[in-house]
Amino acid sequence: MYAIVEINGQQFKVEQGKKMFVHHIRNAESGATVEFDRVLLVDADGIITIGTPIVEGAKVVCEIVSPLIKGEKVLIFHKKRRKGHRKLNGHRQQFTEVTIKEIIAQTLKGE
């Protein structure tokens with residue numbers, strides 16, 4: 001069973017027991033349980049339920065493993081040729097590591 005869920009404006013494919021990194025969730029504590037109810041699609045053993053835009057009554061339950069992890073540094077370099085202008089900026093995105101505990105959804109076999 002898997003689901004497509006929207007977390008902080010991004011869509012993720014989630015399966016039970018998987019760990020994943022999502023954009024930083026504010027006020028998150030390690031070991032806390034978080035529920036996401038913006039489930040866009042659910043696949044339960046070949047029975048696919050597509051939401052319009054979300055699947056009613058479906059939610060994904062996650063546990064926060066680490067509330068703040070910094071990603072790899074991304075360097076942004078700007079240069080204007082023949083002008084002596086150079087600028088170097090760096091950025092490290094903040095992530096939250098979560099573990100998918102369960103996917104709760106009712107599937108309709110008649111559809």
Exercise for review: Would you calculate the volume per residue, in Å³, of the smallest convex hull containing every Cα atom of the chain?
Suggested key: 138 Å³
Check your understanding: Once both labels are modelled 7 Å past Cα along the beta-carbon direction, what's the Ile69-Lys13 spacing in nm?
Key -> 2.0 nm
Practice item. Find the accessible area per residue for the chain; the probe is 1.4 Å, ligands and nucleic acids are left out, and the unit is Å². Key: 72 Å²
Exercise for review: Could you work out how far apart the two model spin labels at His85 and Glu35 are, taking each label as a point 7 Å from the Cα in the direction of the beta carbon, and quote it in nm?
Suggested key: 5.3 nm
Revision key, fill the gap. Any GluC sites (Glu not before Pro) in segment 1-95 that lie in a DSSP loop and have at most 14 other Cβ atoms within 10 Å would be Glu29, Glu56
Review point. Efficiency by 1/(1 + (r/R0)^6): what FRET value for Arg26 and Ile47, r their Cβ-Cβ distance, R0 = 35 Å, to the nearest 0.05?
Key: 0.50
Exercise for review: Any lysines with Cα under 24 Å of the Lys59 Cα? List them, leaving off those in the same chain fewer than 8 positions away.
Suggested key: Lys13, Lys18, Lys19, Lys101, Lys109
Exercise for review: Quantify, in whole percent, the carbon and sulfur part of the accessible surface of the chain (1.4 Å probe; protein heavy atoms only).
Suggested key: 46 percent
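The values are calculated or read from the model by the stated rules, or taken from the named source; none is laboratory data. This one's a predicted model, so the numbers in the text were calculated from it and none came from an experiment. With ideal geometry, Cβ positions are generated from the backbone for all residues, glycine too; neighbour counts draw on all protein chains shown. The accessibility values were calculated without ligands, DNA or RNA, using every heavy atom of the protein model including side chains. Shrake-Rupley method; radii C 1.70, N 1.55, O 1.52, S 1.80 Å.
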